[in-house]
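Take a look at the structure below.
The values are calculated or read from the model by the stated rules, or taken from the named source; none is laboratory data. Here the structure is a predicted model, which means the values were calculated and not measured. All Cβ positions, even for glycine, are placed from backbone atoms using ideal geometry, and neighbour counts span all protein chains on display.
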């Protein structure tokens, strides 16, 4: 079942879980695809981190706040 289907059925936990693992898989695929040409692009990695923190804010607000304030503001 797709993430959008979970949202439509108001299964937010399943939607977040599915989205989280799809997001991780996309990052892993990008890392593998770019390994031979010098690695991942810094700006794309930072965007990924920002989006990951935003996605997890409702579930882990303290972790997301730490990532946003301590890690992303220093870049």
Inset, instruction - Assess whether residue 33 counts as being modelled with pLDDT of 80 or more and surrounded by fewer than 12 Cβ atoms within 10 Å (Cβ to Cβ). - result: yes
Inset, instruction - Kindly indicate whether residue 39 is in contact with a helix residue (DSSP H, G or I) (Cβ under 9 Å, 6 or more places away or on another chain) and modelled with pLDDT of 85 or more. - result: yes
Legend entry - Hits in region 49-60 - residues which are surrounded by fewer than 13 Cβ atoms within 10 Å (Cβ to Cβ), modelled with pLDDT under 90 and not in a loop (DSSP other than H, G, I, E, B): 54
